Ligand code: NAD
């Protein structure tokens, strides 16, 4: 362990690769600042091409070892991964705190997502691998066939800053459980939590090279994506970057899972009792300061109840507690960075031209530091407006009026994206029927939660492939058929 913790800053001098804390290939550093106070909170080495080369070589060696990780039984891997889950739990509260400091995620949320999800996902996928059997199929040609699953190989994993730990484990947990080895590249904005993950992997005694962590920017990410030693890429981030990653993987014919942007719709039906569902509705629309890919940032309101529901929504979003994300009472914290606030404020300026400002639209009064913007809601938004079509990634919502359910479906589907969404109704059967009409990878009825048992992912510009569930495990497995010399039973 190589932390220097003086004056409460966290400064790491080495990189975790090949099972040890290695000297970085250059002296370049990533400085980390609080989203709330702008104070410097730590620094880590900035990974460069030489570090990726070393990490991929370590991951390759660990994967190719004929008696190594890929050849452990699911039970043997499960024992090591249970130690990993425990080591993550020991660090869980500090992981949540670091994420909150770095990206402004409210503490009640980082305790659920960043502290709670990683060990849960590790255990879920360990159990799933144990349950996945080799299959014998009676053949049509007289003999039996066997279908087996092998780990897909060395995984290059790239994650964003908005939910850094939970997103990491959506792919890291199934990859490790399947027997893959991983080179993880966290986003420069959120690196201090990734070093806790590395410490947990070390403490758990995962074999050298099974987990490697190289923080860095987009160039080093692109280098990892195309590295000849990588067998599979797992990318979560913007659609623009995802297209570049997809192009590189296409050229190499390299399997890739892409979890990209979104512009989902929350459709309020005319029988909805929204007043009794405000907490869940907030959770589906503006959680994590609006910095979540699947949030429903378009709110579709029926014409028959437009004024009443718009009033309810105005009360909800103007009444949110905005402030220090480390305070458990805070609902909305700062954005991750100055760049992100500039982007969001640019969209608010566009919205003021395109629609009627209902709530917010500026910076919160009485807060003079931190990358805050007020929770902002526009009403009377045209479905074709830029603020209704483009991903803003901040606490900015668009209310769109519709006349009937058919038009609601048409507006919900009028998007380049298709990742999340929800329907709100007093009649859950009606909600289920509506959910079937929307073109989206996931959709919620009177709520939205990524249950690990079910696949999560997007259609259209929201991505390729699925995480979570058996489908998310299969993404890290190669399916091999053996034509047996055995007659059908
Ligand atoms: P981003 O695309 O700028 O960066 C994401 C990660 O990719 C970072 O680690 C970055 O360094 C790396 N990167 C950027 N360009 C790259 C390239 N050409 N090759 C390889 N790596 C590259 O996105 P961001 O601003 O960090 O994150 C916000 C975006 O992520 C939003 O669009 C959001 O919707 C999306 N997101 C999607 C999901 C999902 O599951 N679908 C989850 C969270 C975030």
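No value in this document is a laboratory result; all are computed from the given coordinates. Bear in mind the structure is a predicted one, so any value in this text is a computation, not a measurement. Here the Cβ positions follow ideal geometry from the backbone for every residue, glycine too, while neighbour counts run over all protein chains shown.
Quick rundown of the values:
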| read-out | value |
| --- | --- |
| Per-region count, region 263-279, residues out of contact with any helix residue (DSSP H, G or I) (no Cβ under 9 Å at 6 or more places or on another chain) and surrounded by 16 or more Cβ atoms within 10 Å (Cβ to Cβ) | 1 |
| Selected residue (criterion: nearest to residue 438 (Cα to Cα)) from residues of region 392-409 that are out of contact with any strand residue (DSSP E or B) (no Cβ under 7 Å at 6 or more places or on another chain) and buried (at least 23 other Cβ atoms within 10 Å of the Cβ) | 393 |
| Matching residues in region 52-66 - criterion: being farther than 12 Å from residue 210 by Cβ and either assigned to a helix (DSSP H, G or I) or touching a strand residue (DSSP E or B) at 6+ places or on another chain (Cβ under 8 Å) (or both) | 52, 53, 54, 56, 57, 64 |
| Exclusive hit being without any contact (Cβ under 8 Å) to a residue 60 or more places away in the chain and not in a helix (DSSP H, G or I), set 228, 207 | 228 |
| Some residue of region 246-253 being part of a loop (DSSP other than H, G, I, E, B), within 16 Å of the ligand (Cβ to nearest atom) and touching a residue at least 60 places away in the same chain (Cβ under 8 Å) | no |
| Within region 217-239, tally of residues that are under 16 Å from the mean Cα position of the chain (by Cα) and within 9 Å of the ligand (Cβ to nearest atom) | 6 |
| Boolean, residue 258 is outside any helix (DSSP H, G or I), farther than 24 Å from residue 112 by Cβ and within 16 Å of the ligand (Cβ to nearest atom) | yes |
| Count of residues meeting criterion [closer than 27 Å to residue 50 by Cβ, without any contact (Cβ under 8 Å) to a residue 60 or more places away in the chain and not in a loop (DSSP other than H, G, I, E, B)] in region 140-193 | 3 |
| All positions within region 363-377 that are farther than 22 Å from residue 283 by Cα and either without any contact (Cβ under 8 Å) to a residue 40 or more places away in the chain or touching a strand residue (DSSP E or B) at 6+ places or on another chain (Cβ under 8 Å) (or both) | 365, 366, 367, 368 |
| Condition met for residue 323 (farther than 23 Å from residue 270 by Cα, touching a residue at least 12 places away in the same chain (Cβ under 8 Å) and within 13 Å of the ligand (Cβ to nearest atom)) | no |
